[in-house]
Each structure stands twice: as C-alpha cells, then as structure tokens.
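Here's the structure, in structure tokens; my notes come after.
The values are calculated or read from the model by the stated rules, or taken from the named source; none is laboratory data. Because the structure is a prediction, the values reported are computed rather than measured. Because the Cβ atoms are built from the backbone with ideal geometry, glycine has one as well, and the counts that use them run over all protein chains shown.
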Amino acid sequence: MIDAGLDAVPDRIRPPTVPAPPRTAAVAAAGTGDGLRSGNQPHVRRGSAVGARVARRRRPGHRSARHGVRLGPEGGEAVEPRTAGPDTPPTLYVMVGLPGAGKTTRARTLLTERAALVLTPDEWMVPLFGPEQPSGKRDVLEGRFVWLALCALRMGMSVVLDFGVWAKEERSALKYLASSAGAACRLIYMPIHPEEQWRRIAQRNTVRDGTTFAITEDDLVQYRRTFQEPDADELLAADAGPPPPGYPSWEAWTAGRWPTSLPDHHA
C-alpha cells in the first residue's frame, strides 16, 4: 500500500437525496469489493510497478518528514502510531486502485482511526439498482457522494471516497475540490499483482454478499489496460495542477464527469 499524505467528522450520515440501503451501517462501514467501472476512461498502457519505484526512492523504514508516512519493506505503507480521532484540518482520503486490491478494507480502518465518513458505491449499487449494474447509475451515485463529501469536509469531518478513481484527471479534480472546501487530500494507492488479484476476485465471486458484482478474469485484464497508475510524483503532490485542455477550471471538468456533484444539482 502506498499512502501519500497531502495534508477529516462524526462517522455516520446519509445523503439527503439517496435512500439508505437496508444494511444498518451501510454508509459508515464500507462494503466489500469493487463494482464495474463506468464512464469513458482514457486507454493507457498497462502500468509499471509504482510501488517498486517508490521503494527505490526511499529505503524500508524511512519516514517522510513532509508527509509523516513510513514505507514498509516492500514500499507499502507502514502507518505511524497516531492518536485516534478526527483530523485537523479535515482530510479527504481517496482510495486508488483496481478491484480486489484491498481498498475497502483499508477504508474501514480509517473509519475508526480518523473518525472518517466512508463512502463506498458498491455498498449502495446493488441495494438501489439490483445485481445488474445499470448504465450510468454509478456515475450518478459517485457524483452525489462527491457532493456529500464536500459538505462533510466543510463541516470539519474527514471523508474516505472508496471509488478506485482510475484516471489521473479524476484524482486531480478531487484534490482541487478538497482544497476548495478547506480540507487536505491524501491519495492512498493500493497496488496488487494480477495473479493475487484474480485469486481474491474468484474467491469473492463465490461469496457475494449483495454488495459486489461478479467480475471475470477478462474483465480484470481490460481494467488494467484502462487504469492510469499514479506515479510517486502524483501521490506526493499537494497541488491539483491546471485543469485539462479545453476546460476553464476544475469545476467545469467536474461538471462533465460528475454532474450530480454540483451544489445546484437537483435530482
């Protein structure tokens, strides 16, 4: 795991415009797994091992003075002991990675460690829309979760967005939106080897609990081709950078990617 801090909230609230799923802790306690991605993601070459690059850049056990993160023996995160409780300032934690990487498991630890609100679309998709993922609905739900996250951040509450966010532009937009809400942002990247990923997904397919969608091995191959793996510079950068060409601002880009995240959106 690579946890890059960019320097956060009672733990259970529900979106005012989205009915809560039947499970009692559906919002605060993240569900397992990752649903199929939707929306047009740019096609990129299969990623190289960014964890290895970060590991080469910093020896095991090294502590980043800037970010307060200690890297473990394989370049993954080894969390520094910290007093549990809300973050100051509030922090938007963005889980990055492919299905089966362990993002939701890590998100659940932030629920208790940082008193953070955890928003996992998979926890909501099946209860709301059934076992077959309808086209476009995940983008609608993600947009409302972004809207809810910004509301919570402005109230002083940390939030975990457990989306996977495969595109760099998505991650940059979330950095910008967090900053606009007076919050910090932390990208938490969870790399995983393809063989281990398929082992986990195959096991999960046999014990689906109503919060995940079936994923095939061919799906995983396509996902890796689509996924834009973050490099060390992106993970450590605090600034979102300029918006993509053709967009006057990150708000304008967000309006196209997640229209339901806009404050003035009405369902």
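Quick one: is THR260 polar (S, T, N, Q), modelled with pLDDT of 95 or more, surrounded by 12 or more Cβ atoms within 10 Å (Cβ to Cβ) and in a helix (DSSP H, G or I)?
Values: polar (S, T, N, Q): yes; modelled with pLDDT of 95 or more: no; surrounded by 12 or more Cβ atoms within 10 Å (Cβ to Cβ): yes; in a helix (DSSP H, G or I): yes.
The answer is no for THR260.
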Fill in the blank from the handout: Within the stretch 225-255, the residues that are loosely packed, with under 12 Cβ neighbours inside 10 Å and over 19 Å from the mean Cα position of the chain (by Cα) are PRO242, PRO245, GLY246, PRO248, SER249
Practice task
Mind listing whichever residues of the stretch 141-180 are part of a helix (DSSP H, G or I), surrounded by fewer than 18 Cβ atoms within 10 Å (Cβ to Cβ) and hydrophobic (A, V, I, L, M, F, W, C)?
Solution key: CYS151
Fill in the blank from the handout: Note on the stretch 116-135: residues within 25 Å of PRO89 (Cα to Cα) and of a type in the set (Gly, Ala, Ser) are ALA116
Exercise for the section: Determine which member of the set PHE213, PHE227 is within 18 Å of ASP162 (Cα to Cα) and in contact with an Asp or Glu (Cβ under 9 Å, 6 or more places away or on another chain). Expected result: PHE213
Fill in the blank from the handout: Of the residues in the stretch 188-224, those that are surrounded by 13 or more Cβ atoms within 10 Å (Cβ to Cβ), hydroxyl-bearing (Ser, Thr, Tyr), at pLDDT below 95 and out of contact with any Phe, Trp or Tyr (no Cβ under 9 Å at 6 or more places or on another chain) number 1
Exercise for the section: Residue by residue through the stretch 181-197, note down the ones that are out of contact with any Leu (no Cβ under 6 Å at 6 or more places or on another chain), part of a loop (DSSP other than H, G, I, E, B) and either among the hydrophobic types (A, V, I, L, M, F, W, C) or farther than 18 Å from LYS103 by Cα (or both). Expected result: GLY182, MET190, ILE192
Exercise for the section: Exactly one condition in (1) out of contact with any strand residue (DSSP E or B) (no Cβ under 6 Å at 6 or more places or on another chain); (2) in a loop (DSSP other than H, G, I, E, B); (3) not β-branched (Val, Ile, Thr) is not met by ARG200; state its number. Expected result: (2)
